[in-house]
Amino acid sequence: MSERYSRQTLFPPIGKSGQEKIRSKHVLMIGAGALGSGNAELLVRAGIGRLTIVDRDYIEASNLQRQQLYTEEDVAQKLPKAAAAEKRLKAINSDVEICALIADATPEKLEELVDGVDLIIDATDNFETRMAINDISQKYQIPWIYGACVASFGMSFSIIPGKTPCLNCLLKTMPLQGMTCDTGGIIGPAVQMVIAHQGSEALKILVEDWNALRTSFVSFDLWRNQYTSMKMSKAKDSGCLSCGENPTYPYLDAENRTKTTVLCGRDTVQVRPPKQQQLNLQETAEKMRDLGYQVKANPYLVSVEIDENRMVIFQDGRALIHGTKDLAQARSIYQRFLG
Ligand SMILES: [Zn+2]
């Protein structure tokens with residue numbers, strides 16, 4: 001398919017040499033939800049060499065309104081997003097090496113994955129993971145592109161170690177909406193607008209067109225017709241613990257992390273095991289059935305109904321406890337069966 005990328009190579013800032021650069025690059029995508037789906041599809045269609053995509057969740061019906069890689073069949077099968085994304089992306093472009101991981105993007109996991117990565121794209125929905133990405137980016141000098149959206153609002157900023165301020169610097173100067181769990185709903189176009197901003201910056205970084213990079217922080221509200229672009233160069237803080245003169249990378253520190261997290265915008269708590277592990281899901285499913293619970297399982301997860309709650313257990317020992325925002329209750333359900 002020599003014609004495959006013709007429209008992209010005809011674009012002078014990319015050209016044939018840019019296409020070869022895109023082909024030689026490795027992108028790490030953190031999250032396979034709305035932003036992850038769109039960004040991944042864009043890069044895979046653009047002919048990226050290698051894509052690693054990490055996501056901790058599985059597909060539900062409420063995702064279909066904006067998460068473009070998924071179908072009703074994926075919902076029916078309760079497929080993890082990473083597994084369904086991998087299948088779909090390989091069907092779109094079989095030339096791209098795609099590695100999909102059903103996992104939580106913890107600092108340890110990020111450290112394992114960054115070797116050889118040229119760019120990290122933020123497609124997550126929570127503060128903890130974004131700050132870990134920010135520290136990893138500074139520690140290993142890898143650019144990353146922040147993106148967030150809620151309701152009809154969205155924003156993006158490209159962080160280049162050694163050049164731009166980092167996300168930790170920006171936190172001191174502005175309240176970052178979308179950094180925390182919001183439940184104001186979301187419309188598809190707000191997602192697509194953030195993807196357009198992240199995706200075009202990603203292409204510039206991949207073809208190494210550094211002068212073309214946007215240096216401002218963009219935000220918009222598509223419903224209220226507002227667009228803003230703020231210069232951020234003055235926000236860089238030489239005392240910043242992530243990107244300053246004596247960095248300590250505070251968000252990579254295990255002491256700062258919780259094992260139990262409320263997931264964004266949902267009555268769901270994630271509980272992580274104290275140590276990395278590999279569960280035998282088949283045995284887990286049988287054990288729960290023997291205890292008299294209603295169990296559904298596929299090769300990636302086991303879903304169990306426990307009174308008013310549903311616990312979904314993954315191979316890495318994590319569990320999502322649906323029907324609660326109470327961390328203690330979620331921990332006690334987890335410990336009863338998996339502790
Ligand atoms: Zn900083």
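So for region 13-28 (the condition being crowded, with 16+ Cβ neighbours inside 10 Å and either acidic (Asp, Glu) or in contact with a Pro (Cβ under 8 Å, 6 or more places away or on another chain) (or both)), does at least one residue qualify?
The answer is no, given that none of the residues of region 13-28 is crowded, with 16+ Cβ neighbours inside 10 Å and either acidic (Asp, Glu) or in contact with a Pro (Cβ under 8 Å, 6 or more places away or on another chain) (or both).
Answer yes or no: is there a residue in region 279-288 that is free of Cβ contacts under 8 Å to residues at least 60 places away in the same chain, outside any helix (DSSP H, G or I) and open to solvent by less than 70 Å² (accessible area, probe 1.4 Å). Write out each step before concluding.
Of region 279-288, the ones free of Cβ contacts under 8 Å to residues at least 60 places away in the same chain are 279-288.
Going one step further and asking which of them are outside any helix (DSSP H, G or I), we end up with 279-280.
Cutting the leftovers down to open to solvent by less than 70 Å² (accessible area, probe 1.4 Å) gives us 279.
Yes: one or more hits.
Give the residue, chosen from LYS78, LYS139, that is within 16 Å of the ligand (Cβ to nearest atom) and among the basic types (Lys, Arg). Steps first, please.
Numbers: LYS78 fails: within 16 Å of the ligand (Cβ to nearest atom).
Among LYS78, LYS139, only LYS139 is within 16 Å of the ligand (Cβ to nearest atom) and among the basic types (Lys, Arg).
What are the pairs, 6+ residues apart or on separate chains, where a residue within region 168-191 that is over 16 Å from MET155 (Cβ atoms) and among the basic types (Lys, Arg) has its Cβ under 7 Å from a residue that is within 16 Å of the ligand (Cβ to nearest atom) and modelled with pLDDT of 90 or more?
Between residues of region 168-191 that are over 16 Å from MET155 (Cβ atoms) and among the basic types (Lys, Arg) and residues that are within 16 Å of the ligand (Cβ to nearest atom) and modelled with pLDDT of 90 or more, the close pairs are LYS172/ASP237.
Being open to solvent by 10 Å² or more (accessible area, probe 1.4 Å), more than 12 Å from the ligand (Cβ to nearest atom) and either under 13 Å from the mean Cα position of the chain (by Cα) or of a type in the set (D, E, K, R) (or both) is true for just one of ILE102, ILE145, ILE133. Which residue is that?
Details: ILE145 fails: open to solvent by 10 Å² or more (accessible area, probe 1.4 Å); ILE133 fails: open to solvent by 10 Å² or more (accessible area, probe 1.4 Å).
Criteria check complete, one pass: ILE102.
What number of residues within region 136-154 satisfy the criterion of being part of a strand (DSSP E or B), of a type in the set (A, V, I, L, M) and either over 12 Å from ALA123 (Cα atoms) or modelled with pLDDT of 95 or more (or both)? Steps first, please.
Within region 136-154, the subset part of a strand (DSSP E or B) is 144-151, 153-154.
Next, only the ones that are of a type in the set (A, V, I, L, M) stay: 145, 148, 150-151.
Cutting the leftovers down to either over 12 Å from ALA123 (Cα atoms) or modelled with pLDDT of 95 or more (or both) gives us 145, 150-151.
So the count comes out to 3.
What's the total number of residues in region 201-257 that are in contact with a strand residue (DSSP E or B) (Cβ under 9 Å, 6 or more places away or on another chain), under 23 Å from GLU128 (Cα atoms), more than 12 Å from the ligand (Cβ to nearest atom) and of a type outside the set (A, V, I, L, M)?
The number of residues fulfilling the criteria is 2.
Can you say whether GLY36 is on the phi > 0 side of the Ramachandran plot and crowded, with 20+ Cβ neighbours inside 10 Å, as far as the supplied structure shows? Walk me through how you get there before you give the answer.
On the way: on the phi > 0 side of the Ramachandran plot: no; crowded, with 20+ Cβ neighbours inside 10 Å: yes.
No.
Residue by residue, here is whether (1) in a helix (DSSP H, G or I); (2) open to solvent by 10 Å² or more (accessible area, probe 1.4 Å); (3) among the β-branched types (Val, Ile, Thr); (4) in contact with a Cys (Cβ under 7 Å, 6 or more places away or on another chain) holds:
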residue	(1), (2), (3), (4)
VAL295	no, yes, yes, no
ILE313	no, no, yes, no
GLY317	no, no, no, no
ARG331	yes, yes, no, no
ARG336	yes, yes, no, no
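For region 26-56, give me each residue that is closer than 12 Å to ASP122 by Cβ and within 8 Å of the chain's Cα centre (by Cα). Show your work before the answer.
We begin by selecting, within region 26-56, every residue closer than 12 Å to ASP122 by Cβ; these are 27-31, 33, 35-36, 39, 54.
Matches in region 26-56: MET29, ILE30, GLY31, GLY33, LEU35, GLY36, VAL54.
Can you pull out the residues in region 75-99 that are in a strand (DSSP E or B), under 21 Å from TRP144 (Cα atoms) and open to solvent by less than 20 Å² (accessible area, probe 1.4 Å)? Can you show your working first?
Narrowing region 75-99 to residues in a strand (DSSP E or B): 80, 97-99.
Filter again for under 21 Å from TRP144 (Cα atoms), leaving 97-99.
Result: ILE98, single match.
Can you tell me which condition ASP267 does not meet? The list is (1) open to solvent by 30 Å² or more (accessible area, probe 1.4 Å); (2) within 14 Å of ILE333 (Cβ to Cβ); (3) at pLDDT 90 or above, and all the others hold.
All conditions are met except number (3).
Only one of these conditions is not met by ALA297: (1) within 16 Å of the ligand (Cβ to nearest atom); (2) in contact with a helix residue (DSSP H, G or I) (Cβ under 7 Å, 6 or more places away or on another chain). Which number is it?
Of the numbered conditions (1) within 16 Å of the ligand (Cβ to nearest atom); (2) in contact with a helix residue (DSSP H, G or I) (Cβ under 7 Å, 6 or more places away or on another chain), the odd one out for ALA297 is (1).
Against the conditions (1) within 12 Å of the ligand (Cβ to nearest atom); (2) in a loop (DSSP other than H, G, I, E, B); (3) modelled with pLDDT under 95, where does THR164 fall short? Just the number, please.
(3)
For region 216-252, how many residues are surrounded by 14 or more Cβ atoms within 10 Å (Cβ to Cβ), part of a loop (DSSP other than H, G, I, E, B) and touching a residue at least 40 places away in the same chain (Cβ under 8 Å)?
Qualifying residue count for the region: 10.
From the list LEU213, LEU252, exactly one residue is in contact with a Pro (Cβ under 7 Å, 6 or more places away or on another chain) and under 25 Å from GLN141 (Cβ atoms). Which is it? Walk me through how you get there before you give the answer.
Values: LEU213 fails: in contact with a Pro (Cβ under 7 Å, 6 or more places away or on another chain).
Just a single option satisfies the conditions, and that option is LEU252.
Output the residues belonging to region 3-46 that are acidic (Asp, Glu) and either part of a loop (DSSP other than H, G, I, E, B) or within 30 Å of LEU263 (Cβ to Cβ) (or both).
Kept after step one, since they are acidic (Asp, Glu), are these residues of region 3-46: 3, 20, 41.
Matches in region 3-46: GLU3, GLU41.
The values are calculated or read from the model by the stated rules, or taken from the named source; none is laboratory data. What you see is a predicted model, and the numbers here were worked out from it, not measured in a lab. Here Cβ is always computed from backbone atoms with ideal geometry, including for glycine, and neighbour counts include all displayed protein chains. Protein only, heavy atoms only, side chains kept; ligands, DNA and RNA dropped before computing areas. Shrake-Rupley method; radii C 1.70, N 1.55, O 1.52, S 1.80 Å.
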